[in-house]
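Just below is one structure, and these are the notes that go with it.
What follows draws every value from the coordinates through simple rules; no lab data is involved. Here the structure is a predicted model, which is why all the values come from computation and not from measurement. Cβ: placed from backbone, ideal geometry, glycine included. Neighbour counts: every protein chain shown.
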Amino acid sequence: MTRILIFINSLSAWTGRTFAWCIVILTISTCYEVFVRYALDAPTVWAFDMSVQMYGALFMMSGAYALSQDAHVRGDVIYRLMPKRVQGGIDLFLYIIFLLPGCMALIYYGYWFAADSWFYKEVSWSSPSRIQIYFFKTLIPIAGGLLLLQGFAESMRCVQCIRTGEWPSRLQDVQETETMMIHEAEDLQQIKSEKS
């Protein structure tokens, strides 16, 4: 089971890192648009659509990565004070009640949105460039599938936590400063308690 969880976490991390390059493309295209619009007085017809699609792709395809890193926003003022087994039970309940139906809706309805879009060879109606958006809509069910897969891995982590009373370790990646400080404080507290 551990190898399956590591594979799912690695897939989510790889997808998140791959689509993070959308930020670079988005930044370059926006800077180019600003330069040609204001310095050369020759705005492009494609920059707006490209920025919407790059940001949308980044947002959709990084959901599983954020879940694998426990980086989604949560109000955990009371949650963090609870025993780990209770935390695991709450998370498992919420994954089943909210994440599972949400992912299934993304996959099911996203598939039909994408299929219709491919059938009509849908183009953007909001700009004169009329770029194709059926490639972009294809990401909706893919993002739902990746999120569902990562949700399965997170549910298995919850089950392990309920059984053992400890959260299984995650694949480490870039972390926010606040998260790093919390982990350092927990490690320091554990060292002090072991010495006592």
Per-residue ³J(HN,Hα) for segment 127-135, Karplus 6.51 cos²θ - 1.76 cosθ + 1.60, θ = phi - 60°, Hz, x for Gly and Pro
8, x, 6, 6, 6, 6, 10, 5, 5
In whole Å, largest first, the alpha carbons of segment 89-196 cover along the principal axes 69, 30, 17
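Going by average Cβ density within 10 Å per residue, which order do the peptides 2-15, 131-144 take, highest to lowest? Spell out each step's value before the answer.
Values: 2-15: 15.6, 131-144: 18.8.
Result, highest mean Cβ count within 10 Å first: 131-144, 2-15.
Please tell me the relative contact order of the chain in percent, rounded to the nearest whole number, where contacts are Cα pairs under 8 Å and at least six residues apart.
Details: 192 pairs, mean separation 52.3, N = 196.
Reported relative contact order: 27 percent.
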Let me check against my output: what whole-number percent is the relative contact order of segment 59-168, with C-alpha pairs under 8 Å and at least 6 apart?
41 percent
Residues meeting the amide H criterion for residue 123 (H placed from the backbone, H to H distance under 5 Å, 5 or more places apart or on another chain) are 133
Based on alpha-carbon atoms only, what is the radius of gyration of segment 2-195 relative to the globular estimate 2.2 N^0.38 Å?
1.28
